[in-house]
Amino acid sequence: MTAAAAKTRSDSPDDIPAETLAEKPDDGRSGGRVRRGGRWIEHWDPEDEGFWRERGERVARRNLAFSVLSEHIGFSIWSLWSVMVLFMGPEYGVDPAGKFFLVAMPTLVGGVLRVPYTFAVARFGGRNWTVLSAAMLLVPVAVAAVVMEPGTSYGTFLLVAALAGVGGGNFASSMTNINSFYPLRKKGWALGLNAGGGNIGVPVIQLLGLLVIGTAGAAHPRIVLAVYVPLIVLAAVLAALFMDNLAPVTNDTGAALDAAREPHTWVMSLLYIGTFGSFIGYSFAFGLVLQNQFARTPLQAASLTFIGPLLGSLIRPVGGRLADRFGGARITLGNFAAMGLATGVVIYASAARSLPVFLVGFIALFVLTGLGNGSTYKMIPGIFQAQALRRGLAGEEAAVYGRRLSGAAMGLIGAVGALGGLAINLAFRQSFLVAGSGTPAFVSFLVCYVVCGAVTWGVYLRPAVRGRRTAQAADGADAAAVEGERRPVYAEV
């Protein structure tokens, strides 16, 4: 063994052989990306069960754990202004419609940033980008601490709120990175856990806001901001120390273009608007709806707003697990049906001004959005794996095709889905402006869930035309069903 190889082996995490991981010197570019810093894994094949069992699973779990931490804090900063508006009393001079638009700004910026953040993982490495993107969260926190006081102009508040959108971009890079670490058979659980742990950042910062309002009072929003500065630094340091970059993961402009041309990318974007768009939109708007429709004080609103996002976040991995077992499309369809029923309850309670019934229906909606988040994200790799089988590919060739397209599609789907949160808040803003109530907005959301359910059934679950050869997306399934069977078009997606 050479001295260099011995050094590499001693520095390698979790027993990965020296030939699979090597520190790359600060020597410029390699493979179309910046290769600076250490902890580059040169070989990664999670679909190989022997590799996964002996070495891969340990490394993947470690990267998942610190990815969750960073994404968790990113979600907290993304939803920062859903908490800051609770501190903004009459002395700030911002009306309810203005507050809805204010909390919508980070959603817009975060959704747009998800596209470049998706490609940043392959460009710079998952570990390197996690460190940088975590450190960038200090900017919106520091600037908010400067401007958060009465007398600041509304335009300044809008600009500073937009900076918090960087926290939304973290989701796309984190999910793209973890998607590369896990085999197809484990993606539903891993992606659900990664996203669910990140989503919990929303109720955590809302709980912190409740604690500050209940103890120090609504005049001290800077306490919330001060808490997050050391947490951001901690997340960046831990990512630098314990995460890895995957050298086999490279940017593929052709894959991005292929994913954009693929109709399934846009179908799944619509479904993700219905699930994640609802989750993040409701999370940002919940407190304002309680204040304006049910006359809750900031403390009363803050004492309730965290419940829905917390339950929705916790159940997201369950949605992924159920999708792994029963098929993502089946779980997603049932979920949209349940979301429609819950929305009906909310519409009744909104019209009747019944807070207890409203809370039951709205919290049920949160739980269902979380469940649907997990099942829809599981569908993405399965769909593109099925597309590979339709094209006559098999084995590793099919797996490579599926990873290539699903990784590129996730960024686009995540970005469009996040913009659904913007639509939610704009719908509430218009609803309160015109009707003084959120009821019209909820009616429009019900129509959306009906459409999403119909699309899920029509594209992925309707019986195939008799006599038509249909691809199956199940792991290890034959590339085509027996001719003449009436099975769903994508039976195992």
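The values are calculated or read from the model by the stated rules, or taken from the named source; none is laboratory data. The shown structure was predicted, so the numbers you read here are calculated from the model rather than taken from an experiment. FYI the Cβ positions are ideal-geometry reconstructions off the backbone, even for glycines, and counts take in every protein chain you see. Side chains included, ligands, DNA and RNA excluded: accessible areas come from the protein's heavy atoms. Shrake-Rupley method; radii C 1.70, N 1.55, O 1.52, S 1.80 Å.
When the range 214-233 is filtered for residues that are in contact (Cβ under 8 Å) with a residue 60 or more places away in the chain, of a type outside the set (K, R), assigned to a helix (DSSP H, G or I) and open to solvent by 20 Å² or more (accessible area, probe 1.4 Å), the ones remaining, listed by number, are G214, A226, V229, L231, V233. For the condition touching a strand residue (DSSP E or B) at 6+ places or on another chain (Cβ under 7 Å) and among the aromatic types (F, W, Y), F124 qualifies. Applying the condition of being more than 19 Å from Y182 (Cα to Cα) and open to solvent by 40 Å² or more (accessible area, probe 1.4 Å) to the range 114-123 and asking which residue is nearest to the chain's Cα centre (by Cα) yields V115. For A481, the stated conditions do not hold, so it cannot be described as of a type in the set (A, V, I, L, M, F, W, C), closer than 30 Å to A394 by Cα and at pLDDT 50 or above.
Listed residues V160, V146, V141, V121; which is assigned to a helix (DSSP H, G or I), modelled with pLDDT of 95 or more and in contact with a Phe, Trp or Tyr (Cβ under 7 Å, 6 or more places away or on another chain)?
V141
Note on the range 351-360: among residues that are in a helix (DSSP H, G or I) and open to solvent by 70 Å² or more (accessible area, probe 1.4 Å), the one that is farthest from F306 (Cα to Cα) is A351. Against the test of being out of contact with any strand residue (DSSP E or B) (no Cβ under 8 Å at 6 or more places or on another chain) and at pLDDT below 95, the options A239, A259, A247, A235 yield a single qualifying residue, A259. Taking the condition of being under 27 Å from A260 (Cβ atoms), touching a Gly at 6+ places or on another chain (Cβ under 8 Å) and open to solvent by 30 Å² or more (accessible area, probe 1.4 Å), how many residues in the range 124-167 meet it? Number of matching residues: 1. For L257, the conditions (1) over 25 Å from I380 (Cα atoms); (2) open to solvent by 20 Å² or more (accessible area, probe 1.4 Å); (3) part of a helix (DSSP H, G or I) all hold with the exception of (1). Which members of the range 180-212 meet the condition of being among the polar types (S, T, N, Q) and crowded, with 24+ Cβ neighbours inside 10 Å? Scanning the range 180-212 gives N194, N199, Q206.
Against the test of being more than 29 Å from the chain's Cα centre (by Cα), open to solvent by less than 70 Å² (accessible area, probe 1.4 Å) and modelled with pLDDT under 90, the options G414, G467 yield a single qualifying residue, G467.
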